[in-house]
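Report on the following structure.
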Amino acid sequence: MTQQTAVDRPVDADPSEPWQRLNARLVLVQLSIIAAPAASFAGTLLITGGTLNLQALITLGSLLITACVITGISLMRFLTTRYRITGDRIELRSGLLFRSHRSIRLDRIRGVDLTANPVHRVFGLTSVRIGTGDQTSSSSRRLSLDGVSKAQGAELRQRLLSRRDAAAGHPTDEDDHTIADLDWAWIRYAPLTIWGVGGVLLGVGTVYRTLHEMRIDPLELGFVKDIEHRYGSVPLWFGILVTVTVLVVIGAVGSTATFTEGWYGYRLEREDGGTLRVLRGMLVTRSVTIEEKRLRGVELGETMLLRWAGGARLNAVASGLGDRDENRKRRMLTPPVPRAEALRVAADVLGESQSPTSAAELTPHPRTALRRRVNRALTATVLISAVPALLGALLWTPLLYVAAACAVVLLPVTLALAHDAYRTLGHGLHGRYLITRYGTFSHRTVALQREGIIGIGVSRSLFQRRSGLLTLTATTAAGDHKYKVRDVTVADGLALAEKSVPGLLAPFLESGAPGSSGRGGHRRRR
């Protein structure tokens, strides 16, 4: 069977251009897959003291068979994959039973990313991903060459981008410019994330589930019994305190290690032809390309702990980065850095003298928005406290004291979060950009190019209508596609929408509405 897929209608290629193969060292990479079940077998023997039951043998045997099948498929892909660059396109042929011939015009290429995992790096290989900027995850919209040499990958990227720029008429006489590179002082922000603790819990849960599937009870292992005995000899509060402390310490170490691996060798640079390139990674090296003409703004993210430490991270709001999952992986412009550094990078990336996200004169939102958040805080406190209160009334009276303690502890916390969420709200216009700021546990400040807005949505819940508020949603083809200005008054919201994209809401506004001539009014409802 032959399957032909292409981003554009295929044309006859230059027959004189030779087809090229992937690097032969890829065979060694594929064979190394078998090492995973071998390591699992050795680890299981170590944990169980050298004894394996039938279930464990079946599980490990299944893993080995699966690894062998994957290795065989990968080797077949290596043997059948060919690629070449012709005058105006790149072509890829692959497959034995189901043959595929893919073709992408060079002027449709939006990014050429290089990625190398640890095994690839051991053998001096890298993977080349060629994307067209399609927002779907369809594999027919991109080409991947998994297994070329590092030098060959860099040369291939340069050839594709230079030919693309020549085909599209982009200037190529600009000098490369480094916007930012790694400062190891930034590592102090690494522990300020909950993902490290979450990773620890996820790892423990994965190990437990794997052993349980092998009919091995982790709670019956010797060292687990020893830990259980030690915990039984101390007060409950002390055991909980020690557990939380250990989790936090391990999580902080894990977050620091993740930062080091993910951002080692970080450099953000502007290349000729109007592209931004992000390079980073220790074990897995990554090179991500973003076209500046597809950049529609930036997003400044400040999680709670990071914000308290004066840090932030910067993401690109750009189209052409793939589907939602790929966009979240490829949009990162900086690691957690000092807020001033993030603002400097944002200004440089956008070509502005000052970052739009640093605009201090954002319009505050009405006090009714604060009341909505306070009501949510009170509702959350009541619902959480009601669970032990109900159980206490029905089953065990001491749980009523637990419910009272929950209410006493949660009420000031939720009210503080409500006030913080209200203080975060803000919006405004800064030159070519619409600015919106919102968030509770994570503050987000988005600067979105007004010419990149393709639609304005107006939504009002029942409670918003009673409070005279609405939420504006700016729709764009870039980033998360929808960015909201939450809980503004009707007049301010419609006026902001009209100033952001003049005339867009005019057909939906009554005569005399603020969006039409600056006078008061309301939006027509249908």
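The values are calculated or read from the model by the stated rules, or taken from the named source; none is laboratory data. In this text, all values refer to a predicted model and were calculated from it rather than measured experimentally. Every residue, glycine as well, gets a Cβ built from its backbone with ideal geometry; the counts of neighbours run over all protein chains shown. SASA here: full protein model, heavy atoms, side chains in, ligands and nucleic acids out. Shrake-Rupley method; radii C 1.70, N 1.55, O 1.52, S 1.80 Å.
Please go through the stretch 354-392 and give me each residue that is surrounded by fewer than 13 Cβ atoms within 10 Å (Cβ to Cβ) and of a type in the set (A, V, I, L, M, F, W, C), ordered by number.
Selection gives Ala360, Leu383.
Within the stretch 411-429, does at least one residue satisfy the condition of being within 19 Å of Gln354 (Cβ to Cβ) and either open to solvent by 20 Å² or more (accessible area, probe 1.4 Å) or part of a helix (DSSP H, G or I) (or both)?
yes
Please find, among Thr475, Thr436, the residue that is of a type outside the set (Lys, Arg), crowded, with 21+ Cβ neighbours inside 10 Å, touching a strand residue (DSSP E or B) at 6+ places or on another chain (Cβ under 7 Å) and not in a helix (DSSP H, G or I).
Checking each option against the conditions leaves just Thr436.
Identify the residue in the stretch 451-472 that is open to solvent by less than 20 Å² (accessible area, probe 1.4 Å) and small (Gly, Ala, Ser) and, among all such residues, is farthest from the chain's Cα centre (by Cα).
So the residue we want is Gly455.
Of everything in the stretch 238-252 that's surrounded by 14 or more Cβ atoms within 10 Å (Cβ to Cβ) and hydrophobic (A, V, I, L, M, F, W, C), which residue is farthest from Ile227 (Cα to Cα)?
Among those that are surrounded by 14 or more Cβ atoms within 10 Å (Cβ to Cβ) and hydrophobic (A, V, I, L, M, F, W, C), it is Ala252.
Ala497 - would you say it is modelled with pLDDT of 90 or more, of a type outside the set (Val, Ile, Thr) and buried (at least 17 other Cβ atoms within 10 Å of the Cβ)?
So Ala497 fits the description; yes.
Only one of these is modelled with pLDDT of 80 or more and closer than 24 Å to Ser319 by Cα: Arg121, Arg157, Arg93. Name it.
Exactly one of Arg121, Arg157, Arg93 is modelled with pLDDT of 80 or more and closer than 24 Å to Ser319 by Cα, namely Arg157.
So which pairs qualify, if the first residue must be in the stretch 149-164 and under 18 Å from Val119 (Cα atoms) and open to solvent by less than 10 Å² (accessible area, probe 1.4 Å), the second must be β-branched (Val, Ile, Thr) and not in a helix (DSSP H, G or I), the Cβ gap must be under 7 Å, and the two must be at least 6 apart or on different chains?
Listed pairs, sorted by first residue: Gly153/Thr126; Gly153/Val128.
Within the stretch 327-337, identify whether any single residue is in contact with a helix residue (DSSP H, G or I) (Cβ under 7 Å, 6 or more places away or on another chain) and not in a loop (DSSP other than H, G, I, E, B), and answer yes or no.
Scanning the stretch 327-337 turns up at least one residue that is in contact with a helix residue (DSSP H, G or I) (Cβ under 7 Å, 6 or more places away or on another chain) and not in a loop (DSSP other than H, G, I, E, B).
Give me the residue from the stretch 320-338 that is out of contact with any Leu (no Cβ under 7 Å at 6 or more places or on another chain) and aliphatic (A, V, I, L, M) and, out of that set, most open to solvent (accessible area, probe 1.4 Å).
The residue in question is Met332.
Report yes if some residue within the stretch 166-187 is under 22 Å from Arg330 (Cα atoms), in contact with a Gly (Cβ under 9 Å, 6 or more places away or on another chain), at pLDDT below 85 and buried (at least 18 other Cβ atoms within 10 Å of the Cβ); otherwise report no.
Within the stretch 166-187, not a single residue is under 22 Å from Arg330 (Cα atoms), in contact with a Gly (Cβ under 9 Å, 6 or more places away or on another chain), at pLDDT below 85 and buried (at least 18 other Cβ atoms within 10 Å of the Cβ).
Of the conditions (1) of a type outside the set (Val, Ile, Thr); (2) open to solvent by 30 Å² or more (accessible area, probe 1.4 Å); (3) out of contact with any strand residue (DSSP E or B) (no Cβ under 7 Å at 6 or more places or on another chain); (4) modelled with pLDDT under 75, Met76 satisfies every one except a single condition; which number is it?
(4) is the only condition that Met76 fails.
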